[in-house]
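Asks: Below you will find the structure I want to go over with you.
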């Protein structure tokens, strides 16, 4: 039975699939092909392309928009979704995330499956939720960002990356960074308030999960017009290990070395040459100007996810 596709009455729904073959551990081409076939069999016009660079992504999306694309399926990880959403640039074309990356934090938050049959059923229901984009200088992120240990790990991994990435690939860069990090002074101004001017590392969240399964932002919502900011005020590796142990135990908020904020605008500076990370990729160097663009990105999600979000917002 046909549901809510735009143009489904005359088999005119156009769905474009962009697959990043470098996402995650690889081996997901067959799943993407299955999803494309299911959509084709259901009467959709399906176009499919593999991504090779940000320039090619931009060109491909421009071509898709010109042929009247109704939906873009982002087959990749958080970085792939971010790159595609940045290239769409306010066109209001919805995205469906087919999560075949390493962490898939945003897809996990929204309950989206990498099973092609479940993905197909979610697309058929055509339930749109507008989530926030967090603009960081000339880039955006949708899930998480940070400055400190995590950004240095990502930068180190990026330099040595050769092909697809598995979770085990993060082990050595993380271990090495823990014992070589210099803990520079970072100045943070959040919504006009000076909240930090001391050695610290910081984490930014548009969702509740962080990489590695850490839940740093339990109260975060991806459509509330705010980004959650967690600051670890630490100046040596022993303090950092202590805070991460508290995070694993779920009690880090009890430490006086930790602060939490919900912000719509953040400025971050340092005298040191520091770089950010955004959605698991290397981000801009400091200084950073961070602003939330509320509801800027339409995503296809499960209907119950949207209802839960609306209920949470209504009770807050």
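Only the coordinates and a few stated rules stand behind these numbers; no lab work does. From a predicted model like this one, the values you see are computed outputs, not experimental measurements. Note: ideal-geometry Cβ built from the backbone for every residue, glycine included; neighbour counts use all protein chains shown.
Asks: Assign one of three labels to segment 77-131, namely rounded, prolate or oblate, based on the Cα gyration tensor with a ≥ b ≥ c the square roots of its eigenvalues; rounded applies when a/c is under 1.5, prolate when it is not and a/b is larger than b/c, and oblate otherwise.
Replies: Details: a/c = 1.95, a/b = 1.17, b/c = 1.68.
Oblate is the answer for segment 77-131, as a/c is 1.5 or above yet b/c matches or exceeds a/b.
Asks: I need the peptides 265-273, 114-122 ranked by packing, meaning the mean over residues of other C-beta atoms within 10 angstrom, with the highest value on top.
Replies: Output ranking for 265-273, 114-122: 114-122, 265-273.
Asks: Something else: So, how do all the Cα-to-Cα distances of segment 8-126 break down into 5 Å bins, in percent, from 0 on up?
Replies: It works out to 2, 12, 25, 26, 22, 12, 2, 0, in whole percents.
Asks: Provide the FRET efficiency to the nearest 0.05 for the residue 56-residue 269 pair, computing r from the beta carbons and using R0 = 30 Å.
Replies: On the way: r = 34 Å, r/R0 = 1.15.
With a Förster radius of 30 Å, E is 0.30.
Asks: Same structure again: Would you order 243, 202 from fewest to most other beta-carbon atoms within 10 Å of each residue's own beta-carbon? Before the final figure, lay out the partial values.
Replies: Numbers: 243 19, 202 24.
Ordered by Cβ neighbours within 10 Å, fewest first: 243, 202.
Asks: Based on the Cβ-Cβ distance from residue 289 to residue 198, what FRET efficiency comes out when R0 is 30 Å, to the nearest 0.05? Intermediate values should be presented prior to the final figure.
Replies: On the way: r = 21 Å, r/R0 = 0.70.
Using R0 = 30 Å, I get an efficiency of 0.90.
Asks: What distance in nm separates the simple spin-label points at residue 128 and residue 29, each placed 7 Å from Cα in the Cβ direction?
Replies: Roughly 3.4 nm, to one decimal.
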